[in-house]
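Colleague: Below are the structure tokens for one structure; questions will follow.
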Amino acid sequence: MSDRRCMMPLRDVKDHLKRKVNLIGIVVEFSIPRMSEGTEILVGNTSNMPFIVVVILVALLDLGVALGQNLSHVIGTCCMGLIERHKQDVYAVFNKSFSSFALFDGKCSSVFSPYQTSPAFCLLDSDKPFITSLRNWCLTFQLDPGISPYVVSLNDIKEREYVDLVCKVLGVCEVSSNEWVLFIWDGTDVPPLSFNTKLEEHNSTRLQIESVPLPTNVISNFPCVGTVLRVIADQAFGKLGYHFHSIGQWVRIRNVLFEVDSGLWKGFLTCASKVRLLSENDNSVAECKRNLTERLSRSGRVPMSSYHVSNFITVLTLTDYESTKFATLMDLLTFSKDKGRFKCIVRVVAICPSQVKDFWSPAGLSRIRVTLEDPTARIHALMCGEDAELFFGGYPSASVLAAKMNKLLGVPGNDDSTRNPPWIQCCLELHLPNEAGALGARHYHIRFTNLVL
């Protein structure tokens, strides 16, 4: 097909192997720009109805592909793409020597200016009727996501398992040189993890996957219910933040690998990962929203894995707080005032000092730091003076105190090397020093809480 004015229907592409064709369609799925084995990046764009894959091979500095544009639909046109077959799939291969492409907003409009093109692309008048027709089709088009056993919620993820996620992308941040993190959320909680008692203490005291605290403007946009999961994109994905433009949009991410690091969940983008843009009316998105609404109505801000807990091993001594609704640790992190008091359900994942004999000084003074977590965040909190005395029920003997700490940390009574801290309720107070300008400067204290064992 040498005539630039003719567009080939996707259903006919399979019959034109080794030929150059012109294509136009709705982009429904794309790979995130990633360095290939050579000096090129590979971007896979899947147009459907029927199925065809367009592979674009270009130098990273020559073209910053922005397929994740925050648009309801994206219309893509590829001119002079070479049709190839790999295994069972048919591909249209973009070659910058003789091919060109353009991306258009799928919303109905009389404007035919693409939001991104390759250098050689030239819009023809004959292209406009095709674009108009697809824009009209977009008004009623909704891709059937089908039923896949690989689609799970964050509440059901497992370590070293590849899954597909329907989630909202809250942000993207460069955490080190050419290492980027996507922040995703679906309104559910990741499963609580057990800890290896033989690991060094710092493994359960890290507050986040990132080596440094996130900026205030990033944290403040996170929802206060449900886990905001970090998904890592290594250097192979280049400058992800400059290419990924689906911030604030619901997507389906395929082939995400999950691992555990220092007792914290994290995901990884792989060479097989792909992103499908979803509309707010997509059935899977509607289900996520409906589940969140039902969760908040039924249980408020209580962690999902604590629903079964009927009797906590701690009690609050503030009687006027019995009817107060629970808050999450993300509520504390995003609280805008200088002082506040909250009732939370958390797990104690670490204590410093680690030896009970060091809890009190010879003068009877105490300053104990505990690391608390819930599905939304981890924080360090202090117990000092009378608050520590109330929490532990006075000044118990070393053996009694050690037994209490083992219970609090979930240390088993047998030789099992894993511990699983129980959920507790506690009262947390926060205050910001006058000079505090970052979230990391916030101080948290456990108060009015008694450990009853």
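Colleague: Using each residue's phi in the range 314-328, evaluate 6.51 cos²θ - 1.76 cosθ + 1.60 at θ = phi - 60° and report the 3J(HN,Hα) Karplus result to the nearest Hz, with x for Gly and Pro.
Modeller: Rounded to whole hertz, the list is 10, 10, 9, 8, 8, 5, 6, 9, 5, 9, 6, 6, 6, 10, 9.
Colleague: So for Glu429, Glu29, Glu174, what's the accessible-area order with a 1.4 Å probe, most first?
Modeller: Numbers: Glu429 35, Glu29 5, Glu174 80 Å².
I get Glu174, Glu429, Glu29, largest accessible area first.
Colleague: Taking the Cβ of Leu82 as the center, what net charge do the other residues with Cβ under 13 Å away carry, scoring Lys and Arg +1 and Asp and Glu -1?
Modeller: That sum, taken over residues with Cβ under 13 Å, equals +4.
Colleague: Still on this structure: Leu390: net charge of surrounding residues, Cβ under 14 Å, Lys/Arg +1, Asp/Glu -1, itself excluded?
Modeller: Numbers: positive: Lys404, Arg447; negative: Glu386, Asp387, Glu389, Glu429.
With Lys, Arg at +1 and Asp, Glu at -1, the net is -2.
Colleague: Please list Tyr115, Tyr162 in order of solvent-accessible area, largest first, computed with a 1.4 Å probe with all protein chains present.
Modeller: Reading off the accessible areas and sorting them downward yields Tyr162, Tyr115.
Colleague: How fast does the range 267-394 diffuse by Stokes-Einstein, in µm²/s, taking the Kirkwood radius from C-alpha pairs at 4 °C and 1.567 mPa s?
Modeller: 71 µm²/s
Colleague: What list of ³J(HN,Hα) values in whole Hz, one per residue of the range 184-195 in order, does the Karplus curve 6.51 cos²θ - 1.76 cosθ + 1.60 (θ = phi - 60°) give from phi, with Gly and Pro shown as x?
Modeller: Computed from phi, the couplings for the range 184-195 are 10, 7, 10, x, 10, 9, 5, x, x, 10, 8, 10 Hz.
Colleague: To continue, here is another question. Might you work out the accessible area of Met8 for me, using a 1.4 Å probe with all protein chains in place, and round it to the nearest 10 Å²?
Modeller: 20 Å²
Colleague: Set the Förster radius R0 to 35 Å, insert the Cβ-Cβ distance between Cys6 and Thr140 as r into 1/(1 + (r/R0)^6), and round the FRET efficiency to 0.05.
Modeller: 0.85
Colleague: Simple spin-label model, 7 Å along Cα-to-Cβ: Gln88 to Ser417 in nm?
Modeller: Going by the 7 Å Cα→Cβ label model, 4.2 nm.
Colleague: Is there a pair in Lys107/Lys274; Lys87/Lys128; Lys14/Lys289; Lys87/Lys168; Lys168/Lys325; Lys96/Lys168 whose C-alpha atoms are over 28 Å apart, and which pairs would that be? Walk me through the numbers on the way to the answer.
Modeller: Details: Lys107/Lys274 23 Å; Lys87/Lys128 35 Å; Lys14/Lys289 39 Å; Lys87/Lys168 33 Å; Lys168/Lys325 26 Å; Lys96/Lys168 33 Å.
In this structure, Lys87/Lys128; Lys14/Lys289; Lys87/Lys168; Lys96/Lys168 lie more than 28 Å apart at Cα.
Colleague: Can I ask one more? Simple spin-label model, 7 Å along Cα-to-Cβ: Ser110 to Lys18 in nm?
Modeller: My value for the distance between the label points is 4.8 nm.
Colleague: Counting only protein heavy atoms and using a 1.4 Å probe, what share of the accessible area of the range 320-423 belongs to carbon plus sulfur, as a whole percent?
Modeller: 51 percent
Colleague: Lys and Arg at +1, Asp and Glu at -1: add these up for the other residues within a Cβ distance under 14 Å of Glu429 and post the number.
Modeller: Result for the neighbourhood of Glu429: +2.
Colleague: Let me ask something else about it. Under 16 Å Cα to Cα from Lys404, which lysines show up? Leave out anything in the same chain fewer than 8 places away.
Modeller: Leaving aside lysines fewer than 8 places away in the same chain, those within reach of Lys404 are Lys357.
Colleague: Another one. Short version: ³J(HN,Hα) in whole Hz for each residue of the range 336-351, in order, from phi by Karplus 6.51 cos²θ - 1.76 cosθ + 1.60 (θ = phi - 60°), x for Gly and Pro, what are they?
Modeller: Once rounded to whole Hz, the list reads 8, 8, 6, 9, x, 10, 9, 9, 10, 10, 9, 10, 8, 9, 7, 9.
Colleague: Can you compute the modelled spin-label distance between Ala120 and Ala363, with each label point 7 Å from Cα toward Cβ, in nm?
Modeller: In this crude spin-label approximation the distance works out to 7.9 nm.
The values are calculated or read from the model by the stated rules, or taken from the named source; none is laboratory data. Quick caveat: nothing in here was measured; it's all calculated off a predicted structure. Because the Cβ atoms are built from the backbone with ideal geometry, glycine has one as well, and the counts that use them run over all protein chains shown. Remember, those area values only see protein heavy atoms, side chains included, never the ligands or the DNA or RNA. Shrake-Rupley method; radii C 1.70, N 1.55, O 1.52, S 1.80 Å.
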